[in-house]
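Structure, as structure tokens:
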Amino acid sequence: MRFMLTLLICFAALSPRAEAQSCPAASGLLPTTTPTPRTEAWVEQQTTLQHRLASGSYQLISFGDSIMAGWSEARLGQATGLTVLNAGFGQDGTEHTLWRLGTYDFHRQSPRYVLLLIGTNDIGYPSCAIVSGILSVVAAVHTHFPSARVIVSSLLPRGTDMMGADDKIRAVNAALAQAAAARRFAFFDVHDAFTCGHKTPCPLFVPDLNLHLTSAGYDLLSSRLRDFMRTEAAAP
């Protein structure tokens, strides 16, 4: 019953009016949809990224948190066959990705794909707020890269026995799956491949928090992305 109630809230969050009614917000704004700067974190990495944006062009650009940041460009390139720029940063939430999209200079970039793996650092907010944040990022990506195909990864399981915030994660993923066609993105649902039979430790996850992926975890994620991209390429 609790899961179904949460799921209904997530679906309601797809309209701005319902979002304001369902999610706690100050002055009508949600923390997850309010661009928030991180100028003092990862300074060297941010400088490098901005230099690469100004000096090269990429067929796939990825955005996200530490899980995305740890997904090497070599693996992403092998999985997709594309030139890759990974713009993921540790501890980013959707609010930080929105800030990056609104701050960095992307005028040289016209990627074929944009890959998002974001939202797990906003897990402390209501499900509707997480969904709204991810959909806000999708909208910003469409604005910056109108010709790109946007791919949104599901939130991955986490925690002891991969059951941390399980109802919330499943509700977010279900809402994203429902929103994909209307919001013009492809939903890359890999959640169930990472549940590890709901037993920890799991070789796919670093055992400290069961949040970050091991090399085996990234191998599986890359393999699933490779299969997903083949399906995308075959789609009419």
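General observations
- Cut-off 18 Å (backbone N to label point 7 Å along Cα→Cβ of Ala177), residues of the stretch 135-152: 135, 151-152
- Normalising by residue count, the stretch 52-185 has a Cα convex hull of 105 Å³ per residue.
- 12 Å cut-off, amide nitrogen to a point 7 angstrom out along Ser57 Cα→Cβ, residues in the stretch 87-125: 107-112
- Global form of the stretch 2-234, assessed from the alpha-carbon gyration tensor, a/c cut-off 1.5: rounded
- Under 5 Å, built H, 5+ apart or other chain: amide partners of Leu213: Val206
- Charge context of Thr47, other residues only, Cβ under 15 angstrom, K/R +1, D/E -1: 0
- Sorting Ile169, Ile118 by the number of Cβ atoms found within 10 Å of their own Cβ, with the fewest placed first, yields Ile169, Ile118.
- Neighbour-count order for Ile130, Ile67, fewest beta carbons within 10 angstrom listed first: Ile67, Ile130
- Over the chain: helical MRE at 222 nm, DSSP H runs n ≥ 4 each giving -39500 (n - 2.57), nearest 500: -14500 deg cm²/dmol
- Ranked Ser136, Ser223, Ser55, criterion: other C-beta atoms within 10 Å, fewest first: Ser55, Ser223, Ser136
- Ala41 paired with Arg108, simple spin-label distance in nm, labels 7 Å along Cα-to-beta-carbon: 2.6 nm
Rule-based calculations on the coordinates, nothing more; no lab input. Values in this document were obtained by computation on a predicted structure and should not be read as measured data. Cβ coordinates were reconstructed from backbone atoms using ideal geometry, including for glycine residues, and neighbour counts include every protein chain displayed.
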